Amino acid sequence: MENKTEQTTQLATEKTITDYVEGGIDSAEKIIADQKKIQANLEEEVKPNAEEKLEETLDKTNDTLDEVEKNLEKREQELLQREVKAELKDKGLDMFADVINITDAKQLPDMVKKLTAIVNDIKVSLSYKPADNTKQDAYTIHEQNKDTKSMIGNKLANFFK
């Protein structure tokens, strides 16, 4: 496109010079008017093409920027998930790594505290709790053995204490 423009400009300039020399001042004014018309036509041809190229370049740049932003957000999320998994693993809570979905690193310490409290509560509730938690005295032992004689003896012994 530029070569065509340059050729047209060169031809117009050569025509202008030859006409100026042959025709005098009147012809020079006519040639200047023709030159202005040619220049206006060239500007009309070049200007839309330049604007189109500029718009295409801007669109490509915006598309590239959008892709870069998406990739950056994706990498930030992956990094945050790795950080969450590492923190949970350090605290012995790595079994919850797939369940936890944190969007901000500031939420992580609170979540770890809550999970630790829940796990501790579960451990306490599942720990051994003896069914017979009462202290066994001699009377209860005789009662379990169904030894009535010893039961009566124990009661009478406690009577005189």
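Remarks
- Summed over the range 102-123, the residues that are surrounded by 10 or more Cβ atoms within 10 Å (Cβ to Cβ), assigned to a helix (DSSP H, G or I) and under 33 Å from the mean Cα position of the chain (by Cα) give a count of 15.
- Between Lys106, Lys85, the distinction of being touching an Asp or Glu at 6+ places or on another chain (Cβ under 9 Å), without any contact (Cβ under 8 Å) to a residue 40 or more places away in the chain and among the basic types (Lys, Arg) belongs to Lys85 only.
- The C-beta contact set for the range 137-159 (first residue surrounded by 11 or more Cβ atoms within 10 Å (Cβ to Cβ), second residue of a type in the set (D, E, K, R), distance under 8 angstrom, 6+ apart or interchain) comprises Tyr139/Lys155; Met151/Glu143.
- Unique match (being of a type in the set (A, V, I, L, M) and part of a helix (DSSP H, G or I)) among Val99, Val84: Val84
- Qualifying residue in the range 124-134 (condition: assigned by TED's automatic domain parsing to the domain that holds Ala157, assigned to a helix (DSSP H, G or I) and either hydroxyl-bearing (Ser, Thr, Tyr) or under 20 Å from the mean Cα position of the chain (by Cα) (or both)): no
- Residue in the range 112-132 that is closer than 30 Å to Gln144 by Cα and among the acidic types (Asp, Glu) present: yes
The values are calculated or read from the model by the stated rules, or taken from the named source; none is laboratory data. This structure is a prediction, so every number in the text was calculated from the model and none was measured. We place every Cβ from the backbone using ideal geometry, glycine too, and count neighbours over all the protein chains shown.
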